[in-house]
1. Could you please find all residues in segment A:139-150 being assigned to a strand (DSSP E or B), open to solvent by 10 Å² or more (accessible area, probe 1.4 Å) and either in contact with a Leu (Cβ under 8 Å, 6 or more places away or on another chain) or touching a residue at least 40 places away in the same chain (Cβ under 8 Å) (or both)?
2. Checking A:Asp173 against (1) open to solvent by less than 60 Å² (accessible area, probe 1.4 Å); (2) not in a helix (DSSP H, G or I): exactly one of these is not met. Which one?
3. Among A:Asp330, A:Asp390, A:Asp371, A:Asp412, which is the only one that is farther than 30 Å from A:Glu254 by Cβ and without any contact (Cβ under 8 Å) to a residue 12 or more places away in the chain?
4. Identify, please: which residue in segment A:50-90 is within 18 Å of A:Ile148 (Cβ to Cβ) and under 24 Å from the mean Cα position of the chain (by Cα) and is, among those, farthest from the other protein chains (Cβ to nearest Cβ)?
5. Search segment A:358-368 for residues being open to solvent by 10 Å² or more (accessible area, probe 1.4 Å) and touching a residue at least 24 places away in the same chain (Cβ under 8 Å), and hand back the single one that is nearest to A:Asp103 (Cα to Cα).
6. Can you name the condition, by its number, that A:Pro97 falls short on among (1) within 14 Å of another protein chain (Cβ to nearest Cβ); (2) part of a loop (DSSP other than H, G, I, E, B); (3) crowded, with 21+ Cβ neighbours inside 10 Å?
7. Residue check: is B:Ala272 among the aliphatic types (A, V, I, L, M), surrounded by fewer than 17 Cβ atoms within 10 Å (Cβ to Cβ), in the same structural domain as B:Val118 (by TED's automatic domain parsing) and farther than 15 Å from B:Ser97 by Cβ?
8. With the checklist (1) within 12 Å of chain A (Cβ to nearest Cβ); (2) modelled with pLDDT under 85 in hand, flag the one item B:Gly121 doesn't pass.
Amino acid sequence: MKNIRISMLLLTILTLTLSGCAGFQTSNNEEANVNEDGKTVVDFWSFWGSELRRPIIDKIVADFNESQDEIEVRHTYSPWGDIWTKELAAIAAGNPPDVVINDINATAIRGKENQAMNLSEFIDEDFSEKFYPELWEATLYEGDSYGIPFNTDTRVLFYNKDAFEEVGLDPEDPPETWAELEEYATKLDVKENGEYDRLGFYPLWGVGYDVWLLNANGQNYFGEDNNTDTVNINTERNVEVLNWLKSWRERIGEDVVNSYQAQIDSQQGNPFFSGDLAMIVQQPTFYQQISEYAEDLNFGVVQLPEYEPGSGHTSWGGGFVAEIPEGSSDPEAAWEFIEYLTGKEAQTYWAVENFDNIANIEAAEAASESDELTEEGQMVYQIAVESMEDTLLTPAPVEAPGFYNYINPQVDEFFLGQKTAEEALAQAEEDVKNLIEENQ
Amino acid sequence: MGKRKLTMRRKESIYGYIFILPFIVGFFAFTAGPLLFSLAGSFTDYNITSQMNFTGVENYQSLITEDGLFRTSLWNTIYYVAFSVPLTTIGAIFISSLLNQQVPGIRYFRTLYYLPAVLSGVGVYLLWMQLLEPGTGMVNLVLGWVGIDGPNWLYDPDWTKPSLILMKLWSVGGSMLLYLASMQGVSKNLYEAAEIDGASRLRQFFHITIPMITPVIFFDVVTSTIGGFQIFQEAYIMSGNGEGGPANSLLFYNLYMWNQAFENFNMGYAMAMSWILFVIVFVLTIINLKLAPRWVHYEGEEK
């Protein structure tokens, strides 16, 4: 018995020591990786692995590799659900890739946490002017950029021109304000025997309540430069907007909203394609679905209506940056690739082939005039580019990570009728303020 | 004689250790390090990349006293465990006793009921999201046939957790198989004797079948309680935006922990959460083990 105990103890100590060694070994990554031709290897990770996107990004990488003879970029596809946890583990292990595509909204936090490299040493003065200012701002932490904007998106209003004509609305004069939106929507409704044959509009398909709050306020919940000294959640205007949104649901009816929602979720069956829904807010890339599933649809596209005349067609967007993880073996080479990736040529190519919004202004304008797009495509892209000027991002301030986790549940309860708008927003504001206090 | 018995015991304990050796080696080589590291990390503000400062019990303190979402997530998880464990256990026993009958084609039924256990993961969740769709889904359609106006399932915070429990009930095939195997191991003599004494089928079930399969029930309850506390994927996929909505009704413990660790990079905080969960599950398991002798019947057990 004793012998066994001792041998067990020994075994335990041995394995513990072994696991200890494995756990705390840090890899020595000072030397750059070089391939057999003596070129510096840049390890590039993206989540673009779909049939559509993979060839496009691979072509951009190949073009870059051919354009010079110092660097070889190797592209690795990592699925959306894995890529950033993998990156984080690789950074912690001291052996990260050199360039990673990451979420623009968390760039500042990643800068603060030393996950992404401070890029200011590579950036000259007018470099930032190539990009939409709102996107550039989102990459800054304490004034330095930690990722270069690559692609982005915005929200615009698609409308059915034939439906407009049918009810006597001018198809070239889409709604400009919320009041017009509501007026047009009721006109576009077609109801027979209490059932909708066509629905004019419902604001919460395609976007959430927060986009309408953003549109009404022209700013996010926080103060200038995302400072958390001001928190504007429980405001009179926000209460009004929430009640306005709910009034749609009450007018149209819960069941109708739910059954349309199910069709929208199924994509091919989107009621906008069949003409059962006259207007919908979507990303410009929605055009690709239209051209695939509803080729003959006579549609128009316009920026989001404004809260009141002159308040601005504010829209909401997100996007992705190319960043260099902390600990990259050759940041200079990585930077060269990022410069190419966010430069006009690569960005235009990406935009036209993917019909995607991009961060580089010059490239976006070039894409909207590209002959490779159809006439309709050019029209949609043109509006997308215009909308970009009015598009805001809502990155989480470093003092309020995940702030929406505190607002969304309250607003959910409001829409479910368990709280009034005032109660819900007051609670949300209190919770977010507590969160900020905890993170000060 | 006494001496010989000792060596016998000794031999047996050596065999015992050899049998569990793979686990012990695996545990110390792969699990023990991270485990201890997470315990240490739970007392720091570790954020994976740049900082790891000792902060004492601050994480635990703010979790327990300040964090409303922590309480919500714990409540959601306990609610889920409290309903899903008994219901799936009863469901599995019920189905396996049905499938233990000698009727023509029983093999096909067994396969059919076991199938859901083979299918698993995200595909099943997406399927159920379609089934539970309030307007167009199959579940409400069928309820409509019998005149029931089905609820909004995954959109109504009062119904989201019952939706998940319903889904779990559908996939009890795994534990059903265990019950079925153990029911088939119950000696026929017992039933014959009971029949001669005039016991009804129901009495036979409660006084012979159930007691004889208590070891499996015990095993199932313990493992499914632990599994229940670890619920994550279901909420991550089926709450639409992956945040645990609507109204935080699907914000389960592990989902909140994951958000803290990988969305907000509060790894130290998340580690503290995982240790609180560990303590909860540990205590529950101890209670289960202590209660076990009162109702679990082991055949051939030394008293």
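The values are calculated or read from the model by the stated rules, or taken from the named source; none is laboratory data. Bear in mind that the values here come from a model prediction, so they are computed numbers and not experimental data. Cβ placement follows ideal geometry from the backbone for every residue including glycine, while neighbour counts extend to all protein chains displayed. To get the accessible areas, we keep the full protein, side chains included, count just its heavy atoms, and leave off ligands, DNA and RNA. Shrake-Rupley method; radii C 1.70, N 1.55, O 1.52, S 1.80 Å.
1. A:Tyr141, A:Asp144
2. So the condition that A:Asp173 fails would be (1).
3. Going through A:Asp330, A:Asp390, A:Asp371, A:Asp412 in turn, the sole match is A:Asp371.
4. Only one residue tops the list, namely A:Ile60.
5. Here the residue is A:Ile361.
6. All conditions pass for A:Pro97, except number (1).
7. So B:Ala272 does not fit the description; no.
8. Against the list (1) within 12 Å of chain A (Cβ to nearest Cβ); (2) modelled with pLDDT under 85, B:Gly121 comes up short only on (1).
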